[in-house]
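Student: Got a structure for you, questions after.
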């Protein structure tokens with residue numbers, strides 16, 4: 001069913017694009033220094049915000 005696909009998606013808190021839930025990672029499980037860096041730039045984002053795993057990987061590789 002068409003609606004089932006929507007249930008398997010969420011929105012990236014950084015880029016705003018829809019993504020599969022399996023590609024999401026919560027800030028709560030990221031390294032504290034990475035989380036602090038993201039929250040410093042996006043103070044309105046909650047500590048449990050979901051971001052795209054690929055974006056988290058890019059941040060990981062530059063920090």
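Student: Give me the pairs: first residue in segment 29-47 and under 15 Å from residue 16 (Cα atoms), second residue part of a loop (DSSP other than H, G, I, E, B), beta-carbon distance under 6 Å, and six or more apart or on different chains, which are they?
Tutor: Cβ pairs passing all conditions: 45/13.
Student: Answer yes or no as to whether residue 19 is assigned to a strand (DSSP E or B) and either in contact with a strand residue (DSSP E or B) (Cβ under 8 Å, 6 or more places away or on another chain) or touching a residue at least 12 places away in the same chain (Cβ under 8 Å) (or both). Spell out the reasoning first.
Tutor: Numbers: assigned to a strand (DSSP E or B): yes; either in contact with a strand residue (DSSP E or B) (Cβ under 8 Å, 6 or more places away or on another chain) or touching a residue at least 12 places away in the same chain (Cβ under 8 Å) (or both): yes.
For residue 19, the condition - assigned to a strand (DSSP E or B) and either in contact with a strand residue (DSSP E or B) (Cβ under 8 Å, 6 or more places away or on another chain) or touching a residue at least 12 places away in the same chain (Cβ under 8 Å) (or both) - is met.
Student: Taking segment 51-63, which residues are buried (at least 20 other Cβ atoms within 10 Å of the Cβ) and either at pLDDT 90 or above or more than 10 Å from the chain's Cα centre (by Cα) (or both)? First the steps, then the outcome.
Tutor: The initial filter retains those residues of segment 51-63 that are buried (at least 20 other Cβ atoms within 10 Å of the Cβ), namely 51-52, 56.
Residues satisfying the conditions are 51, 52.
Student: Next question, about the same structure. How about segment 26-50: which of its residues are touching a strand residue (DSSP E or B) at 6+ places or on another chain (Cβ under 8 Å) and buried (at least 17 other Cβ atoms within 10 Å of the Cβ)? If you could, list the steps in order and put the result at the bottom.
Tutor: At the first step, the residues of segment 26-50 found to be touching a strand residue (DSSP E or B) at 6+ places or on another chain (Cβ under 8 Å) are 26-27, 38, 48-50.
The answer is 27, 38, 49, 50.
The values are calculated or read from the model by the stated rules, or taken from the named source; none is laboratory data. None of these values were measured; they are calculated from a predicted model. Neighbour counts run over all protein chains shown; Cβ positions are idealised from the backbone, glycine included.
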